[in-house]
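Peer 1: Below is one structure. I have some questions about it.
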Amino acid sequence: MEKGEASGSSSSSDDVWAKLVPLNSSYPDIELRLNEETICSDIKTPPCEKQVWCQITREKDHNSALMKNKCCSSILVDGAVVREDDTTPIRCGSEMVLGSVADGFLRYVFKVMPAKEISKKQLKITLDPEHAKCPICLNVWHDVVTAAPCLHNFCNGCFSEWLKRSQEKRSSVICPQCRSVVQFVGRNHFLHGIEEDILQSDSSLRRSDEELVLLDSCSSIKSPLVVSRGRNMCHKRARAQPAEDSGRDLSCPQCSTEYGGFQCNERTVHLQCQACAGMLPSRSNAPVPQHCLGCDRAFCGAYWHAMGAAGSDVYPVCNQETLKPIAAHSLTRLPFLAHEKNRHEQDITEKCIRQMGRPLQDVITEWIRKMSNREVDRTRLLLNHCETITSQTYVCRECYDKLVSFLLYWFRITLPKHCLPQEAQQREDCWYGYACRTQHHNEEHARKRNHVCRPSRGARTP
């Protein structure tokens, strides 16, 4: 098989900013050093000349890139077909393949390298806590949300109650501080960090646990809400024209047609789907969940499937596969995130499962059952509401991959050492275990030491 290579025209640095990592670890990585690289494909049928595969251009955010197909055949990116001269964005973890694996084409995973740490001068900012207080309860924000376009900030629970009462009284939601019409509202993660810093510096500003529990019980804003859409606002995509008799913008299929006994009115708050950017009504009594419990993002596929509504050019509707119960998901290979993206550890886990004569999904199902039975410590599970997650919890594919990666860690550390491949049995544990940072940039260290273990130096996490 011909080795892949990269070549470019202009370089801003000699550092490797990204790699194309073959899923078959016996082949070398393709390193990307230039801001614009031309990639030659790895194929089994040896041509006389190397075939140009694609062109990868680094984006300004340094965390993504644009891939342009430069060959006559189609390229698959995360399962989507990219035809000749077409361009598609790729991000860390995107899987690329030139053609059918059966025809000898390798699968590659696009991996963005961590940026080098740069010494920066510390900037000290002084903030008066009075400027970080909710205008409704007059306390420091709790789970702060921001209303737009006025950009005033409130506690999630406080504004959720205001939103509920406003909907019962009038068609427009008015900002409690400046009385302007609120069109969008969403959680503000940047200000949430400031909120925590203020409370840490002055504990007297903290509210009691009972108050916070009550406030959290009122919080209904999980993902950005479209509260009000002005008639003269510009839209990024085609929309249905407002009905002449109602004079209101039709944001989703249920704005114009009743489905499942429900139709939107002028007071209906809408969510924006994180997969297709389509809209759906925010309903507390929806027949299926509208949010992924692992990340609190909204997805429309499961809801519109339950309603029996089909998508169109005017109303995008994503596939119901974007949000479904954990037990309904399936995988045919290890997630890219498994074992902290250490492909040597991933290869060992795959070999262990093959030696056991069990399909990967069978192992995953077993550990999901153990998690549902509270047999697994969830301390390191990087999902929201992790203590409430069961096999019937609705999650998106990204959160499912995180869950499976977490469970595969427990699968590995509970395996007897003699069940590991011979070459893996002799390895010593890395002092820093799964938290080791060296494994991400030192291939030799990643291969020689076992990183599927608890840290014995530094962090004291389970």
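The values are calculated or read from the model by the stated rules, or taken from the named source; none is laboratory data. Nothing here was measured: the structure is a model prediction, and the numbers come from that model. For neighbour counting, all protein chains shown are included, and Cβ atoms are generated from backbone atoms with ideal geometry for every residue, glycine included. Surface areas here come from the heavy atoms of the whole protein model, side chains and all, with no ligands, DNA or RNA. Shrake-Rupley method; radii C 1.70, N 1.55, O 1.52, S 1.80 Å.
Peer 1: Within the stretch 338-351, count every residue that is crowded, with 22+ Cβ neighbours inside 10 Å and without any contact (Cβ under 8 Å) to a residue 40 or more places away in the chain.
Peer 2: Number satisfying all stated conditions: 1.
Peer 1: Do the conditions hold for residue 393, that is, is it open to solvent by 10 Å² or more (accessible area, probe 1.4 Å), of a type in the set (S, T, N, Q) and under 30 Å from residue 323 (Cα atoms)? First the steps, then the outcome.
Peer 2: Details: open to solvent by 10 Å² or more (accessible area, probe 1.4 Å): yes; of a type in the set (S, T, N, Q): yes; under 30 Å from residue 323 (Cα atoms): yes.
For residue 393, the condition - open to solvent by 10 Å² or more (accessible area, probe 1.4 Å), of a type in the set (S, T, N, Q) and under 30 Å from residue 323 (Cα atoms) - is met.
Peer 1: Condition test on residue 264, is it under 21 Å from residue 173 (Cβ atoms) and among the hydrophobic types (A, V, I, L, M, F, W, C)? So that I can check it myself, show each step before the final result.
Peer 2: On the way: under 21 Å from residue 173 (Cβ atoms): yes; among the hydrophobic types (A, V, I, L, M, F, W, C): yes.
Yes: the conditions hold for residue 264.
Peer 1: On to the next question. In the set 302, 306, which member is open to solvent by less than 40 Å² (accessible area, probe 1.4 Å), in contact (Cβ under 8 Å) with a residue 24 or more places away in the chain and not in a loop (DSSP other than H, G, I, E, B)? First the steps, then the outcome.
Peer 2: Values: 306 fails: open to solvent by less than 40 Å² (accessible area, probe 1.4 Å).
Among 302, 306, only 302 is open to solvent by less than 40 Å² (accessible area, probe 1.4 Å), in contact (Cβ under 8 Å) with a residue 24 or more places away in the chain and not in a loop (DSSP other than H, G, I, E, B).
Peer 1: Restricting to the stretch 375-390, name every residue that is open to solvent by 60 Å² or more (accessible area, probe 1.4 Å) and assigned to a helix (DSSP H, G or I).
Peer 2: Step one: of the stretch 375-390, the residues open to solvent by 60 Å² or more (accessible area, probe 1.4 Å) are 375, 377, 379, 382, 384-385, 387-388.
387, 388 - these are the residues of the stretch 375-390 that are open to solvent by 60 Å² or more (accessible area, probe 1.4 Å) and assigned to a helix (DSSP H, G or I).
Peer 1: Moving to a separate point now. Which residue is surrounded by the fewest Cβ atoms within 10 Å (Cβ to Cβ), if the candidates are limited to the stretch 357-374 and must be of a type in the set (Lys, Arg) and in a loop (DSSP other than H, G, I, E, B)? Explain how you work it out, then say what you get.
Peer 2: Quick first cut of the stretch 357-374, residues of a type in the set (Lys, Arg) only: 358, 369-370, 374.
Checking the rest, the ones that are also in a loop (DSSP other than H, G, I, E, B) come to 358, 374.
Values: 358: 12, 374: 10.
Looking at residues that are of a type in the set (Lys, Arg) and in a loop (DSSP other than H, G, I, E, B), I get 374.
Peer 1: Condition check: modelled with pLDDT under 95, charged (D, E, K, R) and surrounded by 13 or more Cβ atoms within 10 Å (Cβ to Cβ). Does residue 354 satisfy that?
Peer 2: On the way: modelled with pLDDT under 95: yes; charged (D, E, K, R): yes; surrounded by 13 or more Cβ atoms within 10 Å (Cβ to Cβ): no.
For residue 354, the condition - modelled with pLDDT under 95, charged (D, E, K, R) and surrounded by 13 or more Cβ atoms within 10 Å (Cβ to Cβ) - is not met.
Peer 1: Which condition number in (1) polar (S, T, N, Q); (2) open to solvent by 10 Å² or more (accessible area, probe 1.4 Å); (3) part of a helix (DSSP H, G or I) is the one that residue 312 fails?
Peer 2: Unmet condition: (3).
Peer 1: Could you list all residues from the stretch 154-175 that are open to solvent by 30 Å² or more (accessible area, probe 1.4 Å) and either closer than 18 Å to residue 284 by Cα or modelled with pLDDT of 90 or more (or both)?
Peer 2: 161, 162, 164, 165, 167, 168
Peer 1: Next up: Taking the conditions exactly as written (open to solvent by 60 Å² or more (accessible area, probe 1.4 Å) and either at pLDDT below 90 or farther than 26 Å from residue 138 by Cβ (or both)), does residue 197 satisfy them or not?
Peer 2: Working: open to solvent by 60 Å² or more (accessible area, probe 1.4 Å): yes; either at pLDDT below 90 or farther than 26 Å from residue 138 by Cβ (or both): yes.
Judged against the criteria, residue 197 is a match.
Peer 1: Residues in the stretch 202-209: is at least one assigned to a helix (DSSP H, G or I) and among the polar types (S, T, N, Q)?
Peer 2: Looking only at the stretch 202-209, we keep the residues that are assigned to a helix (DSSP H, G or I), and these are 203-205, 209.
Subsequent filtering for residues that are among the polar types (S, T, N, Q) retains 203-204.
Looking through the stretch 202-209, at least one residue is assigned to a helix (DSSP H, G or I) and among the polar types (S, T, N, Q).
Quick grid of which residues meet (1) touching a residue at least 12 places away in the same chain (Cβ under 8 Å); (2) open to solvent by 80 Å² or more (accessible area, probe 1.4 Å); (3) outside any loop (DSSP other than H, G, I, E, B):
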site: 398; (1), (2), (3): yes, yes, yes
site: 406; (1), (2), (3): yes, no, yes
site: 409; (1), (2), (3): yes, no, yes
site: 412; (1), (2), (3): yes, no, yes
site: 418; (1), (2), (3): no, yes, yes
site: 434; (1), (2), (3): yes, no, yes
site: 456; (1), (2), (3): yes, yes, no
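Peer 1: Here's another thing I want to ask about it. Looking only at residues in the stretch 309-323 that are of a type outside the set (Val, Ile, Thr) and touching a strand residue (DSSP E or B) at 6+ places or on another chain (Cβ under 6 Å), which one is modelled with the highest pLDDT?
Peer 2: So the first thing to find is which residues in the stretch 309-323 are of a type outside the set (Val, Ile, Thr), and the list is 309-313, 315-316, 318-321, 323.
Add one more test, that the residue is touching a strand residue (DSSP E or B) at 6+ places or on another chain (Cβ under 6 Å), and what stays is 309, 323.
On the way: 309: 88, 323: 94.
The selected residue is 323.
Peer 1: Does the stretch 49-69 contain any residue that is small (Gly, Ala, Ser) and either farther than 21 Å from residue 22 by Cβ or modelled with pLDDT of 85 or more (or both)?
Peer 2: Our first condition is that a residue be small (Gly, Ala, Ser); within the stretch 49-69, this holds for 64-65.
Right, trim to either farther than 21 Å from residue 22 by Cβ or modelled with pLDDT of 85 or more (or both) and you get 64-65.
For the stretch 49-69, residues small (Gly, Ala, Ser) and either farther than 21 Å from residue 22 by Cβ or modelled with pLDDT of 85 or more (or both): present.
Peer 1: Of the residues in the stretch 76-92, how many are surrounded by 15 or more Cβ atoms within 10 Å (Cβ to Cβ) and free of Cβ contacts under 8 Å to residues at least 24 places away in the same chain?
Peer 2: 4
Peer 1: Where residues in the stretch 323-337 are without any contact (Cβ under 8 Å) to a residue 60 or more places away in the chain and assigned to a loop (DSSP other than H, G, I, E, B), which of them is least open to solvent (accessible area, probe 1.4 Å)? Outline the logic, then answer.
Peer 2: Applying the first criterion (without any contact (Cβ under 8 Å) to a residue 60 or more places away in the chain) to the stretch 323-337 yields 328, 330, 332.
Next, from what is left, pick out any that are assigned to a loop (DSSP other than H, G, I, E, B): 330, 332.
Details: 330: 66, 332: 138 Å².
The qualifying residue least open to solvent (accessible area, probe 1.4 Å) is 330.
Peer 1: OK, next. Restricting to the stretch 262-289, what's the tally of residues that are over 21 Å from residue 392 (Cα atoms) and of a type in the set (Lys, Arg)?
Peer 2: Count: 1.
Peer 1: If you don't mind, another one. Only residues that are at pLDDT below 85 and over 25 Å from residue 319 (Cα atoms): list them for the stretch 70-97, please. I'd like the intermediate steps shown before the answer.
Peer 2: Of all residues in the stretch 70-97, those at pLDDT below 85 come to 71-74, 78-80, 97.
If the condition is that a residue be at pLDDT below 85 and over 25 Å from residue 319 (Cα atoms), then 71, 72, 73 are the ones that fit.
For (1) closer than 20 Å to residue 131 by Cβ; (2) outside any loop (DSSP other than H, G, I, E, B), each residue gets a yes or a no:
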site: 145; (1), (2): yes, yes
site: 168; (1), (2): no, yes
site: 191; (1), (2): yes, yes
site: 198; (1), (2): yes, yes
site: 223; (1), (2): no, no
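Peer 1: Can you tell me which residues in the stretch 438-454 are open to solvent by 50 Å² or more (accessible area, probe 1.4 Å), under 28 Å from residue 389 (Cβ atoms) and in a loop (DSSP other than H, G, I, E, B)?
Peer 2: Answer for the stretch 438-454, where residues must be open to solvent by 50 Å² or more (accessible area, probe 1.4 Å), under 28 Å from residue 389 (Cβ atoms) and in a loop (DSSP other than H, G, I, E, B): just 454.
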